[in-house]
Amino acid sequence: MSDVLTITDLVIGYGDRVVLDRVSLSVPRGGSVGLVGESGSGKSTLARAVLGLQKPRSGSISIEGGGVDHPVQMVFQDPISSLNPHRATIDIVAEPLTIRGEGTTRQRRDTARELLARVGLDPARFADARPSTLSGGQAQRVAIARALVARPALLVCDEPVSSLDVSVQARVLNLLADLREEVGLSLLVISHDLAVVRMIADSVSVLCDGRIVESGETERVISAPEHPYTRQLLEAAPRLPLSTSL
Amino acid sequence: MALSELITPVRSAAPRARIPRVGVIVASCWLVVLAVAALAAVLGLTIDPLANDYATISQSPSLAHPFGTDNLGRDVFSRSLHGASASAVVALVTVVVGGGIGILLGVWAGLRRGIADAITGFLTDVTIALPSLIIVATIVTLAGPSLPTISLTIAAFAIPVFARLSRSATLSIATENHVIVARTLGASGWRVLTREVLPGVLPVMMPFVLTTLATAIVAEGALSFLGFGLRPPEPSWGGLIAEGRTQLALAPWVTGFPALLLCLTILSINVLGEHYREAKR
Amino acid sequence: MSETPILEVRDLTVTVVKHRAERTVVEGVTFSLARGGSLGIVGESGAGKSMLIRAILGVHPPGVSMRVAGSVRLDGHDMLALRGRERRRVLAESVGMIHQDPLRSLNPTIRVGEQLTEVLAFARIATRRERSRRAVELMGSVGFRSAESESRRYPHELSGGQRQRIGIGAAALTEPALLIGDEPTTALDVTVQKKVLDLMDATRARTGSSMLLVTHDLGVAAERCDQLLVMRAGAVVEAGRTAEVLAHPAHQYTRSLLDSIPRLDGPRLRRLRTAADGALS
C-alpha cells in the first residue's frame with residue numbers, strides 16, 4: 001500500500017445529527033493533501049477521528065507505517081495550548097522519547113536540541129523557555145518539532161496558521177514545505193483558507209456539511225472548480241492583485 | 001490646535017497594592033509566631049497546661065501568667081497554645097488527607113467521565129447535602145473524642161468539596177490540546193494526570209486550601225465549644241472559650257485570650273487567601 | 001456637499017499607562033478620510049490599530065489609562081477637546097460602530113428585536129409600535145427573510161454572520177457620516193464574510209457614509225477600501241490609494257507583507273518570500 005492514510009466511507013454522528021457523511025480520503029506516502037471546509041463542515045471532527053479520538057459509526061480509517069506507537073501526530077490551531085505550560089521547551093520536544101523510554105536523558109535532550117534548531121529555534125535561547133514566553137509562531141514551531149520527534153507516518157495540521165500573524169504564517173508554511181522535502185513528511189492540512197492549501201497541498205478535498213463535494217489536484221480544483229460550493233468559496237475569497245514589484 | 005489631553009485621569013496603582021501588602025506581612029508573622037509558640041508548648045517549654053494550682057486561682061494576666069489563670073489555677077497562656085496545636089493538627093489533617101483524597105478523586109472523575117464521574121458526583125452531592133457538624137458530633141460521641149477521630153471526621157467532610165472543585169478544574173484543563181497530545185503520544189493515564197492535569201489544577205485549588213484551613217479550625221472550635229470536641233481538661237480553643245463562659249464576670253481573660261487567638265488566626269488565613277487571589281489575577 | 005474630510009487625524013500619539021508602566025502604542029499617526037471614502041487600516045497584531053480607533057472615539061480600554069496627544073477632527077468637531085456628554089452626542093450622531101463580535105455588544109438576555117428598538121429609542125423615534133416596526137424593517141433590509149419571527153430570537157440563537165448583519169443594521173440606523181468596522185469579519189467564514197462586506201458596501205451606498213475598516217486581512221482591505229494605511233508598531237508605515245500601495249509599495253515592510261500572503265492567483269509558489277530570518281517569530 002502506498003497510501004499512508006486511507007479513510008473509507010467514514011460516518012460519524014451523534015444521535016440524529018450526522019457530522020461526517022461517508023467521507024473518503026487518502027494521503028499517499030510523502031504526499032500532502034488539503035482538506036478545505038468552513039465552520040460546521042466537520043473538518044475538526046475528521047481530524048479527531050484520524051487521531052483516534054472519535055469513534056466512527058461506520059467506515060474505516062487505516063494508517064500505515066511510522067512508529068508503531070505514534071503513527072499520527074497533530075499540529076493544532078492554538079499552538080500555545082498544545083504545549084504543557086509547566087514544562088520547559090526542551091522537555092516538551094523530548095516528550096515522545098520520554099514516554100517511550102527511548103535513550104538516556106542526555107540523548108533525548110540532544111535530539112530535542114537538534115529538532116529545535118531544525119525548526120529554526122536556537123536551542124541556546126529556547127531550550128529552557130516556558131510556553132508562556134513564546135510567541136504564537138515560536139510555539140507552533142515547538143509543536144512541529146515535538147511532532148517530528150515522534151517520527152509519525154502522518155502529520156495532521158488543523159488550521160496550523162490561522163491564529164498567526166501574516167508574516168509568521170509564511171514562515172511556518174515555509175517550514176512545513178521544507179520538512180516535506182527533507183524528511184518526506186506526509187501531510188494532511190485542514191484549513192478554511194484555500195490559498196494556504198494551494199501552497200502546501202498537492203491535492204485537495206472540499207468538505208461541505210459533512211460531505212466531500214469535490215476533490216482532485218489542487219491546481220485543477222482552483223482553476224476549474226466543478227462543484228458550486230467550491231466556486232462559492234473561490235469567489236468569496238478576497239484577492240490581492242498580483243504584485244508587480246520585485 | 002493640537003491639545004495634549006487626558007482622556008481619563010491616570011489612576012495611580014499604588015494605594016490598591018499597598019494595604020494588602022502590610023496586612024500580608026502582619027498575617028504571615030502572626031501565623032509563624034503562633035506556630036512557633038504552639039510548637040514550644042507541645043515540646044513542654046511552657047507551664048503544664050493541666051496543672052491545677054489552687055494558690056493562683058483566677059489571677060489576671062501577669063508576668064508569670066501572661067494570659068492569666070482560670071478558676072483552677074491553670075495557666076491560660078499555656079492552655080491556649082496547646083489548644084492552638086490541636087487546632088493546627090485538625091487543620092492540617094483536614095487539608096492533607098481531605099484535600100489529598102478529594103483532589104485525586106475529583107481529577108480522576110474529571111478525566112474518566114462516564115460512570116465513574118456519575119457515581120462520584122452522586123456521592124459528592126449527597127455528602128455536601130448532609131448536616132456535617134451534627135454528623136461529626138455524633139461520630140465523635142460514638143467513637144470517643146480523640147484528636148485523630150475529630151481530625152479525620154472533619155477531613156472526611158472536606159473530601160467532597162475538594163473533589164467537586166478539582167473536577168471542574170480538571171474538566172477545563174482536559175480539553176487543552178497538550179493533554180490530547182500526551183494521549184496521542186501514548187502517555188499512560190497516570191502520567192497524563194500527574195504531568196499534564198495536576199500542575200494546572202493545584203494552583204486553582206490554593207485559595208480553597210486556605211479557606212479550608214480556616215473552616216477546619218472553626219469547626220473544631222465549634223465542636224469543642226458545644227462539648228463534642230476534646231474532653232476537658234484537654235485544652236482546645238473551643239473548649240477554653242466554653243469553660244470561660246461561667247467565669248466571664250470574674251475572669252474574662254479565660255475566654256478572651258483563646259477567642260482572640262482564634263479570631264486573629266482566622267483573620268490571618270483569610271488575608272493570605274485574599275492576597276493569593278489578588279496576586280494570581 | 002462639503003469638501004472637508006469627515007475625519008482628520010494629525011500627529012496622534014497614544015500612551016497607555018498600566019501599573020505605573022508607560023507604553024506608546026500609537027506614534028504620530030496622521031491621515032484624513034474624505035467624505036464618502038473608505039480607508040482600510042491594516043497591520044499585524046500589536047500594530048496599534050485598535051488603540052488608534054479607541055483614541056479617536058475616546059473610549060479607553062478597561063483597567064488602563066490612556067493619554068492622547070495630537071488632534072482628531074470628526075465632522076468638524078475637535079474630539080480631544082470635547083468632554084463626556086458632548087463627545088457622546090457627536091459620536092451618537094456621526095459614528096456607527098461595528099465590532100468584531102457583536103455578541104459582546106448585544107445583551108444576551110434580551111431578544112434582538114427589542115435591542116434594536118432600544119437603539120431606535122435613542123434615535124428619538126416616538127412610539128413603541130413605530131420602533132418595533134422599524135426594527136423588523138431593519139432586519140428585513142439586512143437580509144433576514146422572516147424578520148418578524150427572527151426579531152424574537154436571542155443573540156446566541158443566531159449565527160455569527162446573522163449577528164454581524166444586525167450589528168451593521170444597528171450601526172447604520174442613524175445614517176451616520178462615518179462607519180467604523182473593527183475587524184468585523186475576522187471571526188466569520190469566508191462565504192459569510194463576503195455577504196457581510198457586501199452588505200456594508202450596500203449600506204454605505206445607501207447612506208453615503210464614509211468607512212474606516214480596521215483589519216489584519218490585507219485582501220479584505222484591498223478589495224473594499226479605496227485608501228490604505230499600513231501600520232506597524234504604532235506608526236504608519238505606508239499610506240495612499242489602495243491600488244498604488246499594492247502595485248508600488250514604498251516600504252520594505254509592506255512589500256514583505258504582500259510577499260508573505262499565499263495567493264490563489266498567479267503561479268503556484270512552493271515557498272513564500274519572507275524577510276531575512278534574523279529575528280524569528
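Please treat every number below as a calculation from the coordinates, not as lab data. Fair warning: this is a prediction, and the values are worked out from it, not measured in the lab. Because the Cβ atoms are built from the backbone with ideal geometry, glycine has one as well, and the counts that use them run over all protein chains shown.
So here's what we get for this one:
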{"read-out": "Dipole magnitude (debye, nearest 20) for the range B:207-281, charges at Cβ of Lys, Arg, Asp, Glu", "value": "180 debye"}
{"read-out": "Inter-label distance for residue C:153 and residue A:48, nm, one decimal - labels placed 7 Å from Cα along Cα-to-Cβ", "value": "2.4 nm"}
{"read-out": "Given charges at Cβ of Lys, Arg, Asp, Glu: chain B dipole, positive-most of B:202, B:36, B:221", "value": "B:202"}
{"read-out": "Debye log10 I(q)/I(0) at q = 0.10 Å⁻¹ for chain C, Cα point scatterers", "value": "-0.57"}
{"read-out": "Tilt relative to chain B, helix B:14-42 - C-alpha long axis, 0 to 90 degrees, to 10", "value": "50 degrees"}
{"read-out": "Using a Förster distance of 56 Å, the FRET efficiency for residue C:248-residue B:22 (Cβ separation, nearest 0.05)", "value": "0.35"}
{"read-out": "Long pairs among C:18/C:49; C:49/C:194; A:55/C:195; B:280/C:18; A:43/C:195, criterion Cα-Cα beyond 25 Å", "value": "A:55/C:195"}
{"read-out": "Listed residue (A:101, A:83, A:131) projecting farthest to the positive dipole end of the range A:77-151, Cβ model", "value": "A:101"}
{"read-out": "Extension gain, residue A:183 back to residue A:219 (0.36 nm per residue minus Cα-Cα distance, nm)", "value": "10.6 nm"}
{"read-out": "Degrees, to the nearest 10: A:105-118 long Cα axis against longest axis of chain A", "value": "50 degrees"}
{"read-out": "Span-like helix ranges in chain C, DSSP H, alpha carbon extent 24 angstrom or more, Kyte mean at least -0.5", "value": "C:190-207"}
{"read-out": "Anisotropy class of the range C:113-232 from Cα gyration tensor, a/c 1.5 cut", "value": "prolate"}
{"read-out": "Taking all pairs of distinct alpha-carbon atoms in the protein assembly as shown, Kirkwood radius in angstrom", "value": "31.6 Å"}
{"read-out": "Net charge of Cβ neighbours under 12 Å - reference residue A:48; Lys, Arg +1; Asp, Glu -1", "value": "+2"}
{"read-out": "Counting DSSP beta bridges with both ends in the protein assembly as shown, the antiparallel % (nearest 5)", "value": "55 percent"}
{"read-out": "Taking the convex hull of Cα positions in the range A:77-151, its mean projected area over all directions (nm²)", "value": "4.4 nm²"}
{"read-out": "Distance in nm between pseudo-label sites at residue A:104 and residue B:143 (7 Å out along the Cβ direction from Cα)", "value": "5.1 nm"}
{"read-out": "Cβ-placed point charges (K, R +1; D, E -1), dipole of the range A:138-246 about Cα centre in debye, nearest 20", "value": "240 debye"}
{"read-out": "The range A:23-101 versus the range B:159-231: alpha-carbon centroid distance in Å", "value": "31 Å"}
{"read-out": "In degrees, nearest ten, helix A:166-183 long axis to first principal axis of chain A (Cα)", "value": "80 degrees"}
{"read-out": "Dipole-positive endmost among A:60, A:152, C:170 within the protein assembly as shown (Cβ charges, Cα centre)", "value": "C:170"}
{"read-out": "Cα gyration tensor category, rounded, prolate or oblate, for chain B with a/c compared to 1.5", "value": "oblate"}
{"read-out": "Charge dipole (debye, nearest 20) of chain A; +1 at Cβ of Lys and Arg, -1 at Cβ of Asp and Glu", "value": "580 debye"}
{"read-out": "Virtual spin-label span in nm between residue A:132 and residue B:33, 7 Å along Cα→Cβ", "value": "3.4 nm"}
